[in-house]
Amino acid sequence: MFKSTLVIMIDSFRYDYLSEEETPFLLNFSKALRMKPTLGYSSGLHPIIVSGTYPRTNGVWASYYFTTNSPYKWTKAVAPFTYISYRLNRKLYDKVRVAIKRLTKRISGSTHMRPRNIPLWLLGFFNHLKRNAFEANALGNIPTLFDILREYNIQFRYIGYPKEKTDLDVFKKSIASLKKEFLFVYFFQLDSITHKYGVSSPQRKNHTKWLNNAVEKLVKRFIETHDEWNIFILSDHGMCDITGVLSIKKVFCSIDVREFFDYIPFYDSTIARFWFLNKRARLKIESRLNRLQKGRVLYQEELVKYGLNFIKKDYGELIFITNPGILLIPNYYTGFHVDKAMHGYIPEDQTQHGFFLFKNSDSGIEILKDEIKIIDIFPTIIDCFNVDTIKEKVAQFIEGKSILSLNETDF
Ligand SMILES: [Zn+2]
């Protein structure tokens, strides 16, 4: 029989935020496990949480990917013009950006891809992921938690971004939805607050305290409402204060390769991805990156470990990652603006770790581990549903493993 389940996910909640002073309820709720993410941002981590598969398998990682079918592909023809406007005058360049957005709507129809701070002459090489992981059929052939609940006619509700605009909205809606058999609550504001103010800021601490209290109320009411229940409280990744920048464009000034003609870069906040139009460009860029102190190129062994060994190279032919605390400047999200804190660093770094709490009405089930990998979250939630047909169904595709004591027998 299906057991009522509450999953509360808090964006960017670092493992070491758990403390008697800031989060007494969370700290004492159950044994706190360290949650180890893989490399990437929410766009790549959330699909892992809701499907138990790595990006290489579910096909979803960075928000922007390389394609020959960009809604902006027509802009390649006017690239010299957009480049000249950039060199001439910032105001003119901004006007060109607005005009390009309008024209693209007319030429390609409406698109979900926002140009952000992507250089206009490179726009035509990229597209943006269509769905977020919480929508129906978000991962195509691979069913998500929500697809499975739908298939088995289990009453559920997802409450969070993008439909809700604040954590308070999420809280209010959740309190009114506690009767559902499955409730997934996603608090997302801690992320933007910490990017803006930093890990040690009063703003970050205040919001953490608020979350502790909101979660306490939700959990207590959920337990009152259901006889048999599972409760998971977890975060998707951690956060690291920014201590320096890497001026990535300057790095290539000293070598004889040209953006657009020889290579196409995409600069996320902490990850630089490259596609090459000739072998010489690859050699030159790779050797230049390998001489940098503030980051390093990722090679096959690590890509396999992080589940990023894609067959198609839409997410990059070469991937470079900055050291924890270093931000790429400019990057295609914030341009030259430097946030106070960032995530998307090497997942082994302690600042990147989230947390995972579990408790249920059946005291026989216990977790014997001190940490959980992001890939194991989905199998663990599924295990708690206590429905054999669902377990059998997901066994065909999942790459992780439940960490419940029930499943400790197979060694
Ligand atoms: Zn973030």
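The values are calculated or read from the model by the stated rules, or taken from the named source; none is laboratory data. Bear in mind that the values here come from a model prediction, so they are computed numbers and not experimental data. Quick reminder, even Gly has a Cβ in these numbers, built from the backbone with ideal geometry, and neighbours come from all protein chains shown.
Just a few scattered comments:
- Filtered residues of the range 26-43 (kept if within 24 Å of Met342 (Cβ to Cβ) and in a helix (DSSP H, G or I)): Leu26, Ser42, Ser43
- Scanning the range 333-353 for residues that are closer than 23 Å to Trp121 by Cβ, touching a residue at least 40 places away in the same chain (Cβ under 8 Å) and either within 12 Å of the ligand (Cβ to nearest atom) or in contact with a Pro (Cβ under 8 Å, 6 or more places away or on another chain) (or both) yields Tyr333, Thr334.
- Those residues of the range 304-328 which are outside any loop (DSSP other than H, G, I, E, B) and either surrounded by fewer than 17 Cβ atoms within 10 Å (Cβ to Cβ) or not assigned by TED's automatic domain parsing to the domain that holds Phe125 (or both), in sequence order: Val304, Lys305
Here's the yes/no breakdown for (1) among the aliphatic types (A, V, I, L, M); (2) assigned to a loop (DSSP other than H, G, I, E, B); (3) surrounded by fewer than 17 Cβ atoms within 10 Å (Cβ to Cβ):
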position	(1), (2), (3)
Val60	yes, yes, no
Thr82	no, no, no
Arg97	no, no, no
Trp121	no, no, no
Asn137	no, yes, yes
Ile148	yes, no, no
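- Of Ser287, Ser269, all but one fail to be under 14 Å from Leu39 (Cα atoms) and either assigned to a strand (DSSP E or B) or outside the structural domain of Gly40 (by TED's automatic domain parsing) (or both); the exception is Ser269.
- The range 1-24, residues that are of a type in the set (D, E, K, R) and within 16 Å of the ligand (Cβ to nearest atom): Asp11, Arg14
- Test: residue in the range 124-131 that is surrounded by 14 or more Cβ atoms within 10 Å (Cβ to Cβ), modelled with pLDDT under 95 and of a type in the set (A, V, I, L, M, F, W, C): yes
- Selection count, the range 99-110, where residues are closer than 16 Å to Trp121 by Cβ and surrounded by fewer than 17 Cβ atoms within 10 Å (Cβ to Cβ): 3
- Taking the criterion of being outside any helix (DSSP H, G or I), more than 16 Å from the ligand (Cβ to nearest atom) and within 23 Å of the chain's Cα centre (by Cα), the residues of the range 169-219 that qualify are Phe182, Leu183, Phe184, Val185, Ser200.
- Selection count where residues are within 16 Å of the ligand (Cβ to nearest atom) and under 16 Å from Ala214 (Cα atoms), scope the range 149-165: 1
- Test result for Leu246, farther than 18 Å from Tyr161 by Cβ, among the hydrophobic types (A, V, I, L, M, F, W, C), surrounded by fewer than 23 Cβ atoms within 10 Å (Cβ to Cβ) and away from the ligand (no atom under 13 Å from the Cβ): yes
- Residue within the range 3-21 that is outside any loop (DSSP other than H, G, I, E, B), farther than 26 Å from Pro202 by Cα and aliphatic (A, V, I, L, M) present: yes
- Failed criterion for Gly238 (all others in (1) in contact with a helix residue (DSSP H, G or I) (Cβ under 9 Å, 6 or more places away or on another chain); (2) over 30 Å from Lys294 (Cα atoms); (3) within 16 Å of the ligand (Cβ to nearest atom); (4) assigned to a loop (DSSP other than H, G, I, E, B) hold): (2)
- Cβ-Cβ under 6 Å pairs, at least 6 apart or on other chains, the range 305-316 side within 15 Å of Glu348 (Cβ to Cβ), far side part of a loop (DSSP other than H, G, I, E, B) and among the hydroxyl-bearing types (Ser, Thr, Tyr): Tyr306/Thr38; Gly307/Thr38; Gly307/Tyr54
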